[in-house]
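The structure under discussion appears below in the form of structure tokens.
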Amino acid sequence: MKTEDFQHLLLRSAVTVMACDGSIDDDEINEIKRMAESEIYFMGYDFAQPLMDNIDYIKANGTKAVNEYLNDLTVADLNARQEILLIEVLIRTIEADSKVQDSEIKFLQLVKSKLNTTEETLITKFPKQMNYLVDSKNYGLLGEFTDEVELE
């Protein structure tokens, strides 16, 4: 996937996981901004307007927006490095508010099920997050995200 498309996907990923627990926390938004301002994978990406557009879209569309994202991810042409970076962005966003919700883990597992990277590779890369990387509830087998996402 081309750099700009990948950057947009990363931002959209972060916003989607942030919202899947039904709230958009300032700590999560601040973490997304920190990543966009300082991480090399966002270098040169003007994130301010896309961030607001993604937040507005998910507020307006809720669960439908989450499932659209998952469908789009299914056809994304990501290489192995991009898949690892995607998981990193999701984990950082999930952990930003210090509250890891079951709906966020469910979303992470659904994303993992769309990728080619193995669970073992992810656990090796993110050993401290093993509890949410192991799909003990078989969320990855679900066809779509089913929790209601209604944002204010």
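For region 1-142, a simple Cβ point-charge model (Lys and Arg +1, Asp and Glu -1, everything else neutral) yields a dipole of about 340 debye relative to the Cα centre.
Measuring between their Cα centroids, region 46-74 and region 86-152 lie 17 Å from each other. Among the listed pairs 33/112; 59/128; 64/99, a Cα-Cα separation exceeding 28 Å is found for 59/128. Once both labels are positioned 7 Å from their Cα atoms along Cα-to-Cβ, the gap between residue 102 and residue 24 label points is 2.6 nm. The calculated P(r) of the chain, using every Cα pair and 10 Å bins from 0, goes 11, 45, 39, 5 in percent. Structural descriptor for the chain: relative contact order 37 percent, calculated from alpha carbon pairs under 8 angstrom and at least 6 residues apart. A simple spin-label model places pseudo-atoms 7 Å from Cα toward Cβ; at residue 120 and residue 137 they are separated by 2.7 nm. Prolate is the label for region 10-71, because the ratio a/c of its alpha-carbon gyration tensor axes (a ≥ b ≥ c) is 1.5 or higher and a/b is greater than b/c. Count neighbours as other Cβ atoms within 10 Å of each site's Cβ, and list the trypsin sites (Lys or Arg not before Pro) in region 75-152 that are DSSP loop with at most 16 such neighbours. In loop regions of region 75-152 (DSSP not H, G, I, E or B), the sparsely surrounded trypsin sites (Lys or Arg not before Pro) are 99, 137. Place a label point 7 angstrom from the Cα of residue 144 along the Cα-to-Cβ direction, then list the residues of region 48-74 whose backbone nitrogen is under 14 Å away. Zone members listed by number: 61-72.
When 107, 126 are arranged by Cβ crowding within 10 Å, least crowded first, meaning fewest neighbours, the order is 126, 107.
Bear in mind that the values in this text are calculations on the coordinates, not laboratory data. Remember, predicted model here, so these are calculated numbers, not experimental data. Because the Cβ atoms are built from the backbone with ideal geometry, glycine has one as well, and the counts that use them run over all protein chains shown.
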